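For reference, the structure is listed below as structure tokens.
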Amino acid sequence: MTNPQWNDVDAYVTDLLVPADEALTAALADSAAAGLPEIAVAPNQGKFLHLLARVQGARRILEIGTLGGYSTIWLARALPADGRLITLEYDPRHAEVARGNLARAGLADRVEVRTGPALDTLPLLEKEGAGPFDLLFVDADKANNPHYVSWALKLSRPGTLVVVDNVVRGGRVATPAPSDPAITGTRAMFELVANEPRLDATALQTVGTKGHDGLLIARVTD
């Protein structure tokens with residue numbers, strides 16, 4: 001589902017509130033040149049993540065799903081000078097592109113890109129005592145969304161913010177008996193959050209250059 005007016009509004013908002021940025025523009029260009037899928041967050045969504053991290057006062061951020069590092073740059077720029085962001089990427093080729101983009105943006109000193117399946121990497125973070133994180137952004141394979149949110153709880157503290165992207169799936173998340181694993185996983189994530197007393201959450205639908213989708217925002221309460 002797309003609508004030209006959605007794109008026009010995104011362009012209007014972006015032109016006014018999200019000025020062109022050389023490092024971010026280059027990150028998208030290099031990602032496209034490397035053949036990465038063009039599924040990064042939109043500029044106004046990236047700015048939204050940046051503002052969430054700043055409002056949160058985040059000093060430690062965990063991102064699950066790096067792609068070319070576009071959202072990573074937005075989040076890392078919200079950190080103080082001594083802040084730290086760890087981002088997990090399954091595909092080594094994507095991770096290499098992201099490292100180059102982060103270095104060009106001057107963020108290599110505060111961002112670590114770890115490669116491999118996130119469900120293998122997350123237990124290592126717990127073992128290392130890498131948490132608790134102040135903000136976690138989940139934007140990886142949707143079938144594993146419930147597992148990622150479960151790990152987010154393990155690596156959080158009271159007050160941690162958990163953001164999950166692409167949770168509306170063009171409206172298909174409301175399908176009672178989906179066959180798509182991405183939708184099945186997303187619905188299981190919603191059910192987990194709804195029944196988890198330590199999470200206070202809502203979800204918002206979004207429209208724009210990324211079509212009809214949305215995100216879930218949850219705060220760890222205990």
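Once you place label points 7 Å from the Cα toward the Cβ at VAL9 and ALA33, how far apart are they in nm?
It works out to 3.5 nm between the two label points.
How much length is gained if the chain between ARG219 and GLU128 is pulled fully straight, taking 0.36 nm per residue apart and subtracting their Cα-Cα distance, in nm to one decimal?
Between ARG219 and GLU128, full extension yields an extra 30.4 nm.
Let me spell out the model: positive unit charges on the Cβ of Lys and Arg, negative unit charges on the Cβ of Asp and Glu, origin at the Cα centre of the stretch 128-222. What dipole size does that give, in debye rounded to 20?
Computed charge dipole of the stretch 128-222: roughly 160 debye.
Across every pair of different alpha-carbon atoms, what Kirkwood hydrodynamic radius in Å does the chain reach?
It is 17.6 Å.
Charges at C-beta only: +1 for Lys and Arg, -1 for Asp and Glu. How large is the resulting dipole of the chain about its Cα centre, in Debye rounded to 20?
It works out to roughly 400 debye.
Would you work out if the stretch 94-222 is rounded, prolate or oblate? Take a ≥ b ≥ c from the square roots of the eigenvalues of the alpha-carbon gyration tensor; rounded if a/c is under 1.5, else prolate when a/b is larger than b/c, oblate otherwise.
Taking the square roots of the gyration eigenvalues as a ≥ b ≥ c, the stretch 94-222 is oblate.
Please give the net charge around ASN7, taking every other residue with its beta carbon less than 13 angstrom from that of ASN7, where Lys and Arg add +1 and Asp and Glu add -1. Working shown, then result.
Values: positive: LYS210; negative: ASP8, ASP10, ASP15.
Here the count lands on -2.
Based on alpha-carbon centroids, what's the gap between the stretch 71-106 and the stretch 145-222 in Å, whole number please?
First find each Cα centre; the distance between them is then 23 Å.
Tell me the chymotrypsin sites (Phe, Trp or Tyr not before Pro) within the stretch 41-127 that lie in a loop according to DSSP and have at most 15 other beta-carbon atoms within 10 Å.
Listed in order of number, the matching sites amount to none.
What do you get for GluC sites (Glu not before Pro) in the stretch 123-217 restricted to DSSP loop and a cutoff of at most 11 other Cβ within 10 Å of the site's Cβ? Show your work: numbers first, answer last.
Values: sites: GLU126, GLU128, GLU191; in loops: none.
Loop-located and lightly packed - none at all.
Normalized C-alpha radius of gyration of the stretch 37-149, against 2.2 N^0.38 Å? Each step should come with its number before you reach the end.
Values: Rg = 12.9 Å, N = 113, 2.2 N^0.38 = 13.3 Å.
Normalised Cα radius of gyration, the stretch 37-149: 0.97.
Once you have the Cα-Cα distance between ASP21 and GLU196, take 0.36 nm times their residue separation minus that, and quote the gain in nm to one decimal.
Full extension of this stretch gives 59.1 nm more.
For the stretch 1-80, what does the alpha-carbon gyration tensor say about shape, rounded, prolate or oblate, given a ≥ b ≥ c as the root eigenvalues, a/c under 1.5 as rounded, and a/b over b/c as prolate?
Oblate, since a/c reaches 1.5 and b/c is not below a/b.
No lab work stands behind these numbers, since they all come straight from the coordinates. Treat the numbers as computed from the prediction; the structure is a model and nothing was measured. As a convention, Cβ positions derive from the backbone with ideal geometry for all residues, glycine included, and neighbour counts pool all protein chains shown.
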